[in-house]
Amino acid sequence: MIHATHSFDALMEITARPPVVFVRGEGSYLWDDAGKRYLDFIQGWAVNCLGHSPPALAEAISVQARQLITPSPAYYNDTSLRLAKALTDLSCFDRVFFANSGAEANEGAIKLARKYGALHRNGAHEIITFEGGFHGRTLATMSASGKAAFEPLFEPKVSGFRKARWHDLDSVERLINDCTVAVMLEPIQGEAGVWPASDQFLRDLRELTSAHGLLLISDEIQTGMGRTGKLFHYEHTGIAPDIMTLGKGIGGGVPLAALLATEAVSCFEHGDQGGTFNGNALMCAAGLAVLEEVAAPNFLKAVAETGLYLESELQRLSARHGLGEVRGRGLLLALDLRVPIAASIVAAALDDGVLLNAPRPDALRFMPALNVTRQEIDLMIGCLDALLTKAGIARRVA
């Protein structure tokens with residue numbers, strides 16, 4: 001057995017992390033190696049949809065590990081077949097490709113759209129995406145993203161992505177040409193600060209893409225799997241995308257993602273797409289356990305109700321301290337602080353045993369477990385209220 005003290009030097013430096021080492025999690029809580037408990041309103045960036053180490057997920061992984069981990073993607077396995085069928089039965093899609101991460105699923109969506117363009121649209125390959133969008137950290141998904149910080153990195157990037165202005169249908173239409181094959185977007189831009197597209201905008205976008213014979217790709221890495229109170233966000237709008245990607249919550253904490261498409265768009269030929277671990281039985285067993293919990297009607301109803309409660313409490317907090325709007329849907333929400341103090345609030349909350357996220361300097365993002373309780377929300381709100389009072393935020397935004 002390998003024994004080692006906690007040294008941070010062996011890990012590659014990729015981001016600023018506080019000197020806290022977590023060793024255990026249960027539900028909405030984490031414990032560090034000193035025994036301190038933290039209330040987690042990040043949950044791995046909406047990954048742990050059932051909270052930390054949920055019993056149903058732990059049991060499913062344990063049982064599956066003793067039966068079959070992976071026979072290789074060159075063969076079928078029963079858990080991937082069952083999960084694929086469950087996802088298609090619960091959605092408007094016909095085919096599923098399993099991946100290991102949201103970025104990989106989005107990379108697959110880009111490839112599938114380009115393959116479709118090669119076969120059906122005279123080689124059209126350009127995909128319209130949006131300013132502020134975030135689709136992953138592979139070269140293609142960084143190129144598709146509209147994150148300003150990505151622009152100077154890792155040049156030359158992948159060409160073929162044109163950026164429309166967020167929530168501006170005219171700007172999308174102006175970018176359409178003979179080379180365009182698809183429009184790709186997040187229904188709620190999470191990394192940009194939780195900026196939702198209206199249901200009407202999404203309906204209008206579907207009408208526009210259909211009129212031009214373009215594919216509509218819905219990146220539901222963060223909004224899917226019940227996060228907004230529906231199993232998939234597109235259900236709020238009554239539209240049907242051609243391609244959808246899932247990640248984060250679909251595995252409940254393990255590396256699992258999915259690319260879903262209609263039959264008409266599922267045009268990969270043998271050799272076009274693959275991956276050593278794709279659709280392995282162990283991760284798909286986790287996905288089945290998550291889906292069984294999240295897809296239950298009463299569960300989603302509770303998510304919607306809890307989301308409204310969190311939203312109302314954040315609005316009350318905002319009014320009390322003279323802050324800005326509360327954005328988002330369900331249990332993916334942001335609070336506009338109106339001043340760039342988010343990082344200091346996050347650091348102070350950590351000291352007080354609450355984990356919060358700042359997607360931008362003037363906003364906090366909330367992504368708790370989908371089964372978070374009202375009592376846990378009250379604890380978080382109480383902590384944030386005290387920190388905002390101590391920071392004198394009301395005086396600073398007056």
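Summed over the stretch 278-307, the residues that are among the polar types (S, T, N, Q) and touching a Gly at 6+ places or on another chain (Cβ under 9 Å) give a count of 1. Taking (1) part of a loop (DSSP other than H, G, I, E, B); (2) at pLDDT 95 or above in turn, PHE154 satisfies each apart from (2). For the stretch 255-264, state whether one or more residues are buried (at least 23 other Cβ atoms within 10 Å of the Cβ) and either in a helix (DSSP H, G or I) or of a type in the set (S, T, N, Q) (or both). No - not one qualifying residue is present in the stretch 255-264.
Each residue in the stretch 174-184 was checked for being surrounded by 15 or more Cβ atoms within 10 Å (Cβ to Cβ) and not hydrophobic (A, V, I, L, M, F, W, C), and 1 of them qualify. Does ASP170 count as outside any loop (DSSP other than H, G, I, E, B), within 21 Å of GLY328 (Cβ to Cβ) and either without any contact (Cβ under 8 Å) to a residue 40 or more places away in the chain or of a type in the set (Val, Ile, Thr) (or both)? No, not satisfied.
For ASP94, the requirement of being surrounded by fewer than 23 Cβ atoms within 10 Å (Cβ to Cβ), in the same structural domain as GLN222 (by TED's automatic domain parsing), within 21 Å of VAL181 (Cβ to Cβ) and among the charged types (D, E, K, R) is met.
Would you check if VAL194 is among the hydrophobic types (A, V, I, L, M, F, W, C), on the phi > 0 side of the Ramachandran plot and touching a residue at least 24 places away in the same chain (Cβ under 8 Å)? Against the criterion (among the hydrophobic types (A, V, I, L, M, F, W, C), on the phi > 0 side of the Ramachandran plot and touching a residue at least 24 places away in the same chain (Cβ under 8 Å)), VAL194 qualifies.
Table: residues versus (1) under 23 Å from ILE377 (Cα atoms); (2) modelled with pLDDT of 95 or more.
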site	(1), (2)
PHE8	no, no
MET12	no, no
ARG17	no, no
GLY25	yes, yes
ASP40	yes, yes
GLY51	yes, yes
GLN64	no, yes
GLN67	no, yes
CYS92	no, yes
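When THR88 is tested against the conditions (1) modelled with pLDDT under 95; (2) of a type in the set (S, T, N, Q); (3) under 23 Å from ALA264 (Cβ atoms), the lone failure is (1).
Please tell me if GLY274 is in a loop (DSSP other than H, G, I, E, B), modelled with pLDDT of 95 or more and touching a Pro at 6+ places or on another chain (Cβ under 9 Å). No: the conditions fail for GLY274. The set of residues in the stretch 1-45 being over 17 Å from GLY226 (Cα atoms), in contact (Cβ under 8 Å) with a residue 40 or more places away in the chain and β-branched (Val, Ile, Thr) consists of VAL20 alone.
Tell me yes or no: at least one residue of the stretch 148-160 is over 24 Å from CYS267 (Cα atoms), of a type in the set (D, E, K, R), surrounded by 15 or more Cβ atoms within 10 Å (Cβ to Cβ) and in the same structural domain as THR262 (by TED's automatic domain parsing). Within the stretch 148-160, one or more residues are over 24 Å from CYS267 (Cα atoms), of a type in the set (D, E, K, R), surrounded by 15 or more Cβ atoms within 10 Å (Cβ to Cβ) and in the same structural domain as THR262 (by TED's automatic domain parsing). Examine the stretch 103-119 for a residue that is in a loop (DSSP other than H, G, I, E, B) and either within 30 Å of ALA281 (Cβ to Cβ) or in contact with a strand residue (DSSP E or B) (Cβ under 6 Å, 6 or more places away or on another chain) (or both), and state whether such a residue exists. No, the stretch 103-119 contains no residue that is in a loop (DSSP other than H, G, I, E, B) and either within 30 Å of ALA281 (Cβ to Cβ) or in contact with a strand residue (DSSP E or B) (Cβ under 6 Å, 6 or more places away or on another chain) (or both).
Here the stretch 185-214 is the region considered, the condition is being out of contact with any Lys or Arg (no Cβ under 9 Å at 6 or more places or on another chain) and over 15 Å from THR237 (Cβ atoms), and the residue that is surrounded by the fewest Cβ atoms within 10 Å (Cβ to Cβ) is ALA211. The numbered conditions (1) over 22 Å from ARG37 (Cα atoms); (2) outside the structural domain of LYS248 (by TED's automatic domain parsing); (3) at pLDDT 95 or above are all true for GLN375 except (1). Looking at the stretch 46-63, is at least one residue without any contact (Cβ under 8 Å) to a residue 12 or more places away in the chain, of a type in the set (D, E, K, R) and not assigned by TED's automatic domain parsing to the domain that holds THR306? No, there is no match, as no residue in the stretch 46-63 is without any contact (Cβ under 8 Å) to a residue 12 or more places away in the chain, of a type in the set (D, E, K, R) and not assigned by TED's automatic domain parsing to the domain that holds THR306.
Exactly one residue out of PHE130, PHE150, PHE161 is within 18 Å of LEU215 (Cα to Cα), among the aromatic types (Phe, Trp, Tyr) and touching a Lys or Arg at 6+ places or on another chain (Cβ under 9 Å): that is PHE130. Scanning the stretch 23-55 for residues that are surrounded by fewer than 14 Cβ atoms within 10 Å (Cβ to Cβ) and at negative phi returns VAL23, ARG24, GLU26, ASP33, ALA34, LYS36, ARG37, PRO55.
Can you tell me which condition CYS267 does not meet? The list is (1) part of a loop (DSSP other than H, G, I, E, B); (2) within 25 Å of ILE69 (Cβ to Cβ), and all the others hold. Only one criterion in (1) part of a loop (DSSP other than H, G, I, E, B); (2) within 25 Å of ILE69 (Cβ to Cβ) is unmet by CYS267, namely (2).
The values are calculated or read from the model by the stated rules, or taken from the named source; none is laboratory data. These numbers come from a predicted model, not from an experiment. We place every Cβ from the backbone using ideal geometry, glycine too, and count neighbours over all the protein chains shown.
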